[in-house]
Amino acid sequence: MGSMHPLAYILCLSLLLLTTAKKASDEAKPDWAKKSITDYTDADLERLLDQWDEDEEPIPADELPDGHPDKPQPQLDMSKLDMSNPEEVMKLTKKGKTVMMFVRITNFQTREETEEITSLWQTGLYNNHVQAERFLIEDDRVMFMFRDGGYAWEAKDFLVEQERCMEVQLEQQTYKGKFAPEEDEPKEKKDKKNKKKKKKEKKVKATIEKVEL
């Protein structure tokens with residue numbers, strides 16, 4: 001019987017070590033983990049994901065993304081608040097918090113056009129270092145979500161300057177777009193004005209007739 005080739009000897013030894021290690025490792029595993037991955041149930045997969053999460057090192061709280069509930073909020077220096085400027089106060093108090101903004105476009109054509117126009121606005125915000133997620137909620141209306149709400153007012157100033165912006169709603173305040181067309185008055189209000197106008201005209205006419213007599 002010839003002697004074993006050195007490479008074959010090393011290969012066999014490696015396989016033996018791997019098999020021994022695997023056997024010892026398998027014995028320490030729970031029953032569900034010894035299954036073939038193709039036999040895993042949904043519950044087994046959930047356990048596997050939980051185990052991976054346990055093995056992962058937790059992210060330091062101050063490194064969590066903006067808007068995460070566990071991220072510590074920046075300390076607010078009340079001495080720096082200009083109470084005569086409500087927007088500046090809101091900007092500082094919303095820093096690090098999630099804020100939602102609603103924007104409507106003018107001259108609505110199609111849902112696809114709304115997507116295209118608001119996507120360009122989103123790119124414009126990114127170019128100004130303002131991060132915002134965009135969601136189409138109506139055919140002519142989108143929602144921008146800011147993980148760091150402090151930037152929402154900067155975004156508002158940018159959006160109201162856009163040609164197709166009808167209005168921006170932010171924290172219960174409505175800001176009209178710079179190029180938004182004048183809206184027609186409600187019919188009831190218009191009728192009321194017309195009645196007052198006619199009544200005034202009648203009074204003036206009656207006064208004139210009285211003077212002429």
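Points worth noting:
- Förster radius 25 Å - calculated FRET efficiency between LYS95 and THR174 (Cβ-Cβ, nearest 0.05): 0.65
- Ordered by 1.4 Å accessible area with all protein chains kept, SER119, SER84 run largest first as SER84, SER119.
- Counting only protein chain heavy atoms and rolling a 1.4 Å probe, the accessible areas of TYR175, TYR126 rank, largest first, as TYR126, TYR175.
The values are calculated or read from the model by the stated rules, or taken from the named source; none is laboratory data. Everything numeric here is computed off the predicted structure, so don't read it as measured data. Methodologically, a virtual Cβ is constructed for each residue, glycine included, from the backbone with ideal geometry; neighbour enumeration extends over all protein chains shown. To get the accessible areas, we keep the full protein, side chains included, count just its heavy atoms, and leave off ligands, DNA and RNA. Shrake-Rupley method; radii C 1.70, N 1.55, O 1.52, S 1.80 Å.
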